Amino acid sequence: LPMAIIRHYLYLSWLQHYSETSLISVLDFRDTVFQTDPFVFLEEQIKSGSPTELWLSGEHMPYKRIRNCVFNTGWIRDCYGRAESDKWGPYTVICSGSIFGTKRGMEVFETRLLQEVSKRRCHQHFVESDQGYTNVLYHSGALAKAGVTAQLDPRGVGPVNTIGAFGGKRHGYYNGGEILRLLRDDEGYVTNCPQKVPPTFTACSPEAKP
């Protein structure tokens, strides 16, 4: 198995050392920057009575979809077939490197993902990414059927702001660097939505708030 998959067996094992009330984050640390405590957002949602057990982060729509991401398209096509790739093409790309959950939510997610690995065995066809599995499991409703209440937050909403798609022109932006500059406030923090944007840009999700 590739390390991208092996790590999920490790996550599932490590989860056994946490209490039932623990909140868990699984993050790709090399390109993650903390600006505040991310668990505050989850704690507030839980206190408000939200049934959510798993928080997923979407990459920027409408420019970053599965169908215009060569990586996610390839992972789903080469694992599930072209029909499935075409089916999920219009949908949001879910970042597999920014996932939060309750202990139970993470256990259900990791168990279901590893069941899919064992069933599909996509790694034998050199399809090594867990992101393809994550996207199909959520968009197909398989996570809901497995009994976990998952919430997909658009870019600009929730505890994570996934800004990778702003880094280049490939996903529809004339100048991604300009968007990244506009997202910063006077103190250098990245905000969910800039106050002013050029008319040729759509930098915010409809649900995003400054």
Which of the following residues is polar (S, T, N, Q), under 24 Å from ILE6 (Cβ atoms) and crowded, with 16+ Cβ neighbours inside 10 Å: THR92, THR52, THR102? THR102
Given the conditions (1) in a strand (DSSP E or B); (2) open to solvent by 50 Å² or more (accessible area, probe 1.4 Å), which single one is not true for THR36? (1)
Criterion violated by CYS122 - all others in (1) open to solvent by 10 Å² or more (accessible area, probe 1.4 Å); (2) at pLDDT below 95; (3) of a type in the set (A, V, I, L, M, F, W, C); (4) farther than 30 Å from TYR189 by Cα satisfied: (1)
State all residues of region 125-158 that are open to solvent by 40 Å² or more (accessible area, probe 1.4 Å) and modelled with pLDDT of 90 or more; if no residue qualifies, say none. TYR138, SER140, ALA144, LYS145, ALA146, THR149, GLN151, LEU152
Quickly run through region 58-95 and pick out the residues that are in contact with a Phe, Trp or Tyr (Cβ under 8 Å, 6 or more places away or on another chain) and in a strand (DSSP E or B). ARG65, ILE94
If I filter region 10-27 for residues that are aromatic (Phe, Trp, Tyr), in a helix (DSSP H, G or I) and within 25 Å of THR191 (Cα to Cα), do I get at least one hit? no
Suppose we filter region 106-132 for residues that are closer than 21 Å to PHE29 by Cβ and either among the basic types (Lys, Arg) or assigned to a helix (DSSP H, G or I) (or both); how many remain? 6
Log entry, pairs with first residue in region 70-90 being of a type in the set (A, V, I, L, M), second being open to solvent by 30 Å² or more (accessible area, probe 1.4 Å), beta carbons closer than 8 Å, six or more apart or on different chains, reads ILE76/GLU84
Please find, within region 8-28, the residue that is most open to solvent (accessible area, probe 1.4 Å) out of those that are without any contact (Cβ under 8 Å) to a residue 24 or more places away in the chain and either under 23 Å from HIS123 (Cβ atoms) or charged (D, E, K, R) (or both). TRP14
Checked against (1) closer than 20 Å to ASN192 by Cα; (2) within 16 Å of the chain's Cα centre (by Cα), GLU43 satisfies every condition except (2)
So which of ILE66, ILE76 ends up being of a type in the set (Val, Ile, Thr), more than 14 Å from THR102 (Cβ to Cβ) and modelled with pLDDT of 95 or more? ILE76
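The values are calculated or read from the model by the stated rules, or taken from the named source; none is laboratory data. Source: prediction; values computed, not measured. So basically every Cβ, Gly included, is an ideal-geometry build from the backbone, and we count neighbours across all protein chains shown. SASA here: full protein model, heavy atoms, side chains in, ligands and nucleic acids out. Shrake-Rupley method; radii C 1.70, N 1.55, O 1.52, S 1.80 Å.
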